[in-house]
Amino acid sequence: MTYTLQLPLFALRTLLQSDYLAWLVGLPILLFAVVMLVVQYRRHRQLTHDLKLLDKMQLHSVEYDLVLKAMRLAVFRIDVPTYTITFESDYRDASDSFTTAPGTPLADIFTRIHTDASNKISTAVDNLIHGRQDVAHLQYQMNMPYGSGTYWSELYATVDKRDIQGRPLSIVGTVGRIDQQKQAEQDLHDALFHAEESDRLKSAFLANISHEIRTPLNAIVGFSDVLTMVDDAEERQNLIHLIKQNNSQLLRIFDDMVSMAALEARAGEAVQKTSFPLRQLFDDVIDKYKDEARDRGLALVVEDADRLPVITTDRDALFEILRQYTANALKFTNEGQVTLGCTDQMGHRRIWVRDTGIGIPPEQCNDELFERFFKIDEFTPGTGLGLSICRAMAHTLGAVVGFESQQGQGSVFWVEPKREE
């Protein structure tokens, strides 16, 4: 009976001893397996994170390059300890942009900057290098790498890396070409200036015209009232002559106003060139002013009428120039004649109007005579627009205008149209 009980107890003790050994051996293995699973899980997470980060960096690099290409920029890096510059990429589309080899000394760059901006650029870079500022933005002109001339550049730069004391170690920045931007700014400035100048001139024009119109109009109205009360034939004739004279002056003012309006309307339009006999154009001018010339006792003639050529140009513009010249010649000529003619000299065809009038003082024989509202004598009736209209009309033809004059002996005003090949 005792033997029978000892056998199960021995078997139970043996079983317990064998489980203890299994646990003693298996537990470290189990713990090791758990640790390895945790390590592998963390490695997996880190790898997944790194892969995502790499994808983001690649995407960022693509976006970065796309922005540089779209903005046509060049990227540079300045190494502060060595004081050198390296262009890492250049997407500027101009072949004449200045570039350098990697590791070029900054001093070499400053010599290529236009003199007016060299000190400004070197000061800005020096401030970045010594930590006096964090960002720089400048516009300046660079000398062309080949030949003469300059181009406009725009620079953005900032500190990239610093040492443990906060001192800059490297600077990054971009450079772009802004020639078109600067040209647009200049065009806008010119347009604004011309608009302001035009507004000023129009105000002066209205003030001047109102005065010039009032003078002959008052004379016409006043003499017309007096005319009805005058019985003497000679006095009546004098009054009629004065009325006609002021009427011609008034019509000339209106002609100038119409010419100014026509000149503004023609701005930007193509020149309408036709071929026509110059003699025919002269006859039209004479027909317009023959009555005024007769009233003033002047001869209005054409020189060498039978030998005048056929010319090709804008007929209306040339007629306006000759009309203005003839009107001025009649105004400043008291006796003699006004002559229209054409001569060929030194390969240029010169069309002119000559008078035997009072001439122009030597001190006033300059290009100022063709400026708007310029008058030799402020007491002489007129708007001061005639010769400026002539120059503007000639400009539309690609022609030049000029004059020669001697005080007391008369003047010659001329225009040289561009000769057609």
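The values are calculated or read from the model by the stated rules, or taken from the named source; none is laboratory data. As the structure is a prediction and not an experimental result, all values here were calculated from the model. All Cβ positions, even for glycine, are placed from backbone atoms using ideal geometry, and neighbour counts span all protein chains on display. Calculation scope for accessible area: heavy atoms of the full protein, side chains included, ligands and nucleic acids excluded. Shrake-Rupley method; radii C 1.70, N 1.55, O 1.52, S 1.80 Å.
Within the bounds of segment 180-202, is there any residue that is closer than 14 Å to Ile113 by Cβ and of a type outside the set (Asp, Glu)?
Looking for residues that are closer than 14 Å to Ile113 by Cβ and of a type outside the set (Asp, Glu), one finds none in segment 180-202, hence no.
Filter segment 302-326 down to the residues that are surrounded by 15 or more Cβ atoms within 10 Å (Cβ to Cβ) and in contact with a Ser or Thr (Cβ under 9 Å, 6 or more places away or on another chain) and list them by number.
Val302, Ile311, Thr313, Asp314, Arg315, Ala317, Glu320, Arg323, Gln324, listed by residue number.
With under 18 Å from Arg391 (Cβ atoms), modelled with pLDDT of 90 or more and not acidic (Asp, Glu) as the only criterion, which of Ile351, Ile360 stands out?
Exactly one of Ile351, Ile360 is under 18 Å from Arg391 (Cβ atoms), modelled with pLDDT of 90 or more and not acidic (Asp, Glu), namely Ile351.
Could you go through segment 113-135 and let me know if any residue there is modelled with pLDDT of 85 or more and part of a strand (DSSP E or B).
yes
Are any residues in segment 164-208 open to solvent by 40 Å² or more (accessible area, probe 1.4 Å), under 30 Å from Tyr91 (Cα atoms) and not in a strand (DSSP E or B), and if so, which ones?
Those that are open to solvent by 40 Å² or more (accessible area, probe 1.4 Å), under 30 Å from Tyr91 (Cα atoms) and not in a strand (DSSP E or B): Asp179, Gln180, Gln181, Lys182, Gln183, Ala184, Glu185, Gln186, Asp187, Leu188, His189.
Looking for whichever is open to solvent by 50 Å² or more (accessible area, probe 1.4 Å) and closer than 19 Å to Ala74 by Cα here; the options are Asp160, Asp134, Asp116. Which one fits?
Exactly one residue qualifies, and that residue is Asp160.
So, of the residues in segment 375-421 that are more than 29 Å from Ser210 (Cβ to Cβ), of a type in the set (A, V, I, L, M) and modelled with pLDDT of 85 or more, which turns out to be most open to solvent (accessible area, probe 1.4 Å)?
For segment 375-421, the residue satisfying everything is Val400.
I'd like the residue in segment 327-349 that is part of a loop (DSSP other than H, G, I, E, B) and at negative phi and, out of all such residues, is least open to solvent (accessible area, probe 1.4 Å).
Within segment 327-349, the match that is least open to solvent (accessible area, probe 1.4 Å) is Thr333.
Tally up the residues in segment 275-296 that are at pLDDT below 90 and either outside any helix (DSSP H, G or I) or over 30 Å from Ile240 (Cα atoms) (or both), please.
Residues meeting the conditions: 1.
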